[in-house]
């Protein structure tokens, strides 16, 4: 039976070559109801057989042209300058991409009445009193965090339909690009390398596919506002690493516990952080997997 009546929704994904961007495009490309366009700074898409256009978020005219030409119903901004330490010195670049880029997307989205879904972070909080609710008062510690908070504030005054999804410690399967935390841990331990992992950073790591499902619910239900999206388990980065090693039967003696301050990083990190997802659970029907369940999925998908 041919469905002649279906009018496809148009979805534009900025940051198409990133971990999250790839998973969003894979998910929506499998649905007949959507026409998907990916955009990233690279000349070519990492994923094959997708509709793609190169785009620089810090170039207002490029952003405007991409959005006007495609005329999307929904835009997901999964692009960002995410190098937390480099943001301390490359401030102009971080601001151009993380703040001005969002401003340019919002300007063009307003003209066509598109709904923008923007990915933010728990780094907007200082990590003194987490985990956090959506209504808690932000207090960013570093420049990257300040740009992400500024991007949220840009949307709040933009006059467009927007949804901000705050998330933390994304992990999961991506075919291309840099490895996620789980793959890095597994590869390092299999190669018998010692890894230093902090014991004093607490989060609820977010499985990428759970975040994609949250995005899908936002689109399906046309939800606006701010939502926390995170995992079901709150634990230290060190305990997360031990769980990964246990699950894949790797040598835990190679995992060296350290404190964050020992890393002497340029930017301060929120320590006691993480995001409470009760609002997303009640309003979106968000159901995050447990870490053990996600490791099962990763093992199966990567055939480890």
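Derivation of every value follows stated rules applied to the coordinates shown; laboratory data play no part. In this text, all values refer to a predicted model and were calculated from it rather than measured experimentally. When we count neighbours, we look across all protein chains shown, and the Cβ atoms used for this are built from the backbone with ideal geometry, even at glycine.
In summary, the chain shows an alpha-carbon radius of gyration equal to 0.99 times the 2.2 N^0.38 Å reference for compact globular proteins.
Specify the angular offset, from 0 to 90 degrees and rounded to the nearest 10, of the alpha carbon long axis of helix 101-112 from the longest principal axis of the alpha carbons in the chain. Long axis of 101-112 versus the principal axis of the chain: about 30 degrees. Is the shape of the stretch 72-161 rounded, prolate or oblate, going by the alpha carbon gyration tensor and its root eigenvalues a ≥ b ≥ c, with a/c under 1.5 for rounded and a/b larger than b/c for prolate? The shape class here is oblate. For the stretch 1-129, the square roots of the Cα gyration tensor eigenvalues, ordered a ≥ b ≥ c, give a/c of at least 1.5 with a/b greater than b/c, which places it in the prolate category.
Per-residue Cβ neighbour counts within 10 Å put 25, 41, 202 in the sequence 41, 202, 25, beginning with the fewest. Protection proxy ranking, highest mean first, for peptides 124-131, 162-169: 162-169, 124-131, where packing is the per-residue count of other beta-carbon atoms within 10 Å, averaged. With Cα atoms defining each centre, the stretch 197-257 and the stretch 64-108 are spaced 24 Å apart in the structure. Per-residue ellipticity at 222 nm, computed for the chain from helices alone with -39500 (n - 2.57) per DSSP H run of at least four residues, works out to -10500 deg cm²/dmol. Axis angle, to the nearest 10 degrees, between helix 143-156 and the longest C-alpha principal axis of the chain: 30 degrees.
For the chain, the antiparallel share of DSSP beta bridges with both residues in that region comes to about 5%. On a 0 to 90° scale, report how tilted helix 181-190 is relative to the longest principal axis of the chain, with both axes built from alpha carbons and the result rounded to the nearest 10. That helix lies at roughly 40 degrees to the long axis. Seen through its C-alpha gyration tensor, with square-root eigenvalues sorted a ≥ b ≥ c, the stretch 257-304 comes out oblate because a/c lies at 1.5 or above while a/b is not bigger than b/c.
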